[in-house]
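Comments concern the structure below.
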Amino acid sequence: LKPFWPKIEASTRRSALLVHLLDHLVRAMSSGANGSGNSTQEKYEERAKRVVSRWAGERQPVPDRTMLEAHVRCREGASVAAGRAQVLARHVVEPQREVPIMDRCEVLVVGAGPAGLSAALGARRAGADVIILERYGCFGGTITTVGMETLGWYRYEGTEDCEGIGREMERMAERMGGTTKWPYNDSDCLDAEQFKLVADRLITESGVRPILHIWVVEALLDADKKMYGVITESKSGRQAILADRVIDCTGDADVAHLAGCRYSVIDLQQSLGVTTVFNAVNVDTAKFKEHTSKNPATYADWSRTWDQQTTGKEEDLKSPYLDKEFEEAAKAGVIPEDTIGTLGGSWSALSSAGEATNLNLVHKTNVDVTDVRSLTEAEIEGRANVVHALNALKHVVPGFENAKLRNFAMTVGTRDSRKIIGKYNLTGEDVCNQGRFDDTVGIFPEFVDGYNILILPTTGRYFQVPYGCMVPESDVDNLLVA
């Protein structure tokens, strides 16, 4: 470790580094002294070296993702004469008609989740006339519609996070009484219902013009492929909104898809699953906390369900995780045996009113999140499995004996969808080795949670986000994707 010492001494996070380093070295020495064997001692020595190497800025190995087969696609059209007969055989031709113009603006943001809110507020503060569209009746995206009540749960000691509108949202939510602390670190849990009010206030006070309950169904492009607006559908009918610039914040690259941009998708068998988040009431939170204190879970326990890769430093960190409880419930005959593979995950905020929210415990794989039939099946199956999950909690987990279902999320939570082919595409090398770019527009901690890879940003490492990854590489102009 001597070669790294000057960099440790120069670090502003020296005390945190030494705590982690000494912890691993003590474990190594203890394992050698108590006869645990060389393998245990070597494991902690190697882990200590990896920890210091990351702090020192050394290049790190990139997790292997070669097993993920990505396919590049774009929207199917009827413009190629050779294929027109086959296309028309599977389509109907709409009568030509005039579509009324609903509105005009300089910047049109489609989708009002955290990305859309940030884009709209940023553009408005830069002086633009901004309209934001949202298909649901509230702003907030996965926070308010899926019940995933956090912008970033990864803030263990040592995290180097960004400032910006996201942190502004969290601070406003805290001022309005809509946050609690995440169980084991300094992250904020956001009350999903309260966050609807937070987002309302941010939008209305900023001067952004909001339209809820509206879908974008077509992209408007001129002969030079410059995007100049969208076609929408709503209770008001089929209408156009014209804009100088469109920002696609749908999460599924819906607008980019409609505009004919290229994107990649992962095979369903390898894609990330979806989750039916639910909330419970009448929970004895003190009793539940006592149970989790006596039976602590760490990120190493995630490996029981997922064959995950970590850097080693994550495995001893505490995690609000439940899964073996569902195995116990199945063995006791409380839930069907075939549900075990779908149940397990994290709990989050606990309130003084006996609420347990953001219960991220019910999952389904092989779901095409761009196909309505696949989504329909996932919604129905997810709700049925929530009933099994709650029954298991009531029979096995102390504190949940009298729990009741408060509500299902408004929609299933999705993770894997279309990813645009950008002017630049972020790589594993960029994320794991502190990528730097001339056109950077922000930073993000070295945090990876997906495809059986878990890296928590506890060493202060971060990568820059380049503007080019938000710009489609196709010749469609005036469109950004965030």
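Below is a table of values for the structure above.
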quantity: Share antiparallel - DSSP beta bridges, the chain, percent rounded to 5; calculated: 70
quantity: Sorted peptide list for 376-384, 127-135, 358-366, criterion being average Cβ within 10 angstrom, highest first; calculated: 358-366, 127-135, 376-384
quantity: Directionally averaged shadow of region 262-311, computed from the convex hull of its alpha-carbon atoms, nm²; calculated: 6.7
quantity: Area of E174 that stays accessible when all protein chains are in place (1.4 Å probe, Å², to 10); calculated: 110
quantity: Within-11-Å neighbourhood charge of R175 [Cβ basis; K, R +1; D, E -1]; calculated: -1
quantity: Total formal charge among the other residues, if their Cβ is under 13 angstrom from that of F288, Lys/Arg +1 and Asp/Glu -1; calculated: -1
quantity: Rounded to the nearest 10 Å², the accessible area of S234 at probe 1.4 Å; calculated: 30
quantity: Value at 222 nm in deg cm²/dmol, rounded to 500, when DSSP H runs of n ≥ 4 in the chain each add -39,500 (n - 2.57); calculated: -9000 deg cm²/dmol
quantity: With every protein chain in place, the chain: carbon and sulfur % of accessible area (1.4 Å); calculated: 50
quantity: Check: the chain dipole with +1 on Lys, Arg Cβ and -1 on Asp, Glu Cβ, in debye; calculated: 400
quantity: Under-5 Å amide H pairs with G422, H placed in peptide plane, nonlocal only; calculated: E473
quantity: Cα-based helix-to-principal-axis angle, 38-55 vs the chain, degrees rounded to 10; calculated: 50
quantity: For the chain: accessible area per residue (Å², 1.4 Å); calculated: 49
quantity: Against the rule of thumb 2.2 N^0.38 Å, how large the Cα Rg of region 146-263 comes out; calculated: 1.35
quantity: Residues of type aspartates and glutamates that K196 reaches as a straight line, Cα spacing below 12 Å, ignoring anything fewer than 8 places off in the same chain; calculated: E149
quantity: Full-stretch length increase - K226, A128 - with 0.36 nm per residue and alpha-carbon distance subtracted; calculated: 33.4 nm
quantity: Region 132-263, relative contact order [Cα under 8 Å, separation at least 6], %; calculated: 22
quantity: Mean separation of Cα contacts under 8 Å, 6 or more apart, over the residue count of the chain: relative contact order %; calculated: 19
quantity: Net charge, A120 excluded, C-beta distance under 14 Å - Lys, Arg +1, Asp, Glu -1; calculated: -2
quantity: Part-to-part distance (alpha-carbon centres) for region 152-226 and region 466-482, which is given in Å; calculated: 22
quantity: Using alpha-carbon coordinates, inclination of helix 165-175 to the longest axis of the chain, degrees; calculated: 70
quantity: Tail weight of P(r) past 43 Å, computed on alpha-carbon pairs of the chain, percent; calculated: 20
quantity: Tilt relative to the chain, helix 114-125 - C-alpha long axis, 0 to 90 degrees, to 10; calculated: 60
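The values are calculated or read from the model by the stated rules, or taken from the named source; none is laboratory data. Fair warning: this is a prediction, and the values are worked out from it, not measured in the lab. For neighbour counting, all protein chains shown are included, and Cβ atoms are generated from backbone atoms with ideal geometry for every residue, glycine included. Ligands, DNA and RNA are excluded from the accessible area calculation, which covers all protein heavy atoms including side chains. Shrake-Rupley method; radii C 1.70, N 1.55, O 1.52, S 1.80 Å.
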